[in-house]
1. Looking at L91, L113, can you tell me which residue is part of a helix (DSSP H, G or I), among the aliphatic types (A, V, I, L, M) and either at pLDDT below 95 or within 22 Å of K128 (Cβ to Cβ) (or both)?
2. For segment 51-81, give me each residue that is assigned to a helix (DSSP H, G or I), in contact (Cβ under 8 Å) with a residue 12 or more places away in the chain and in contact with a Ser or Thr (Cβ under 9 Å, 6 or more places away or on another chain).
3. If you take the residues in segment 173-196 that are in a helix (DSSP H, G or I) and more than 24 Å from E56 (Cβ to Cβ), which one is modelled with the highest pLDDT?
4. Filter segment 22-76 down to the residues that are β-branched (V, I, T) and either surrounded by fewer than 19 Cβ atoms within 10 Å (Cβ to Cβ) or at pLDDT below 90 (or both) and list them by number.
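The values are calculated or read from the model by the stated rules, or taken from the named source; none is laboratory data. Computed from a predicted model, the values in this text were never measured in an experiment. Here the Cβ positions follow ideal geometry from the backbone for every residue, glycine too, while neighbour counts run over all protein chains shown.
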Amino acid sequence: MDGLQLAGERVIGSLPVKYFFWTKAGEALFATQLADPQAWVGRARMLRTSAIGLGELWRRDSERLTSGGRFCDCPYVLSCLTVLMLNGIALESLAKAIIADKNRATWGDIWKLPNLIKSHKLISLLLKAGVSLSDEERELAKRMTDLYELARYPVPQTPAGMRFGVPARLEDLEVISAMYARVEALVPRPGDIQAT
């Protein structure tokens with residue numbers, strides 16, 4: 001048998017064949033999503049929501065531990081790095097939303113990620129998006145970028161990366177919230193998005 005049929009489509013296992021191959025429709029969807037600021041904003045909001053929830057658990061368990069709780073009863077104190085990493089990636093997505101809007105006309109027909117946004121270096125992306133950073137925000141953005149690397153690899157990419165200061169503090173959450181709100185306010189709303 002040449003494959004199963006499902007509503008006129010070839011099927012391998014339980015998935016239609018069209019999902020296994022890159023198609024013109026897939027290319028069009030890729031280009032549309034890449035250049036759509038709201039696609040980036042949607043991703044940022046998912047990440048930020050997760051970071052907020054995990055951050056609340058981190059704060060709760062930190063307070064429990066400070067009040068004499070046992071470490072084994074406070075597992076979310078270990079989520080501090082993940083909270084900063086998720087927030088950093090959310091901020092990265094917002095910066096890319098702003099950059100995508102600025103470049104929408106030229107990105108509408110491309111089929112790969114532009115070099116302008118291939119980086120995960122948060123400071124650089126925020127500056128490309130036109131976001132000014134205080135010294136405190138710059139230092140925090142650098143730490144969040146370093147956390148991406150620590151999350152992706154079992155060791156940093158260089159021995160110098162092993163010298164890592166205080167990676168996460170509860171006080172960072174307030175700075176991140178203010179920073180996120182400020183960057184989100186710069187993202188164009190659907191009615192404000194530049195026409196291609």
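1. L91
2. Across segment 51-81, the qualifying residues are A51, L54, G55, L57, W58, D61, Y76, V77, C80.
3. Here is the first cut: in segment 173-196, the residues in a helix (DSSP H, G or I) are 173-186, 190-192.
Now drop any that are not more than 24 Å from E56 (Cβ to Cβ), which leaves 186, 190-192.
On the way: L186: 94, P190: 76, G191: 65, D192: 61.
Ranking the candidates gives L186 first.
4. T23, T32, T49, I52, T66
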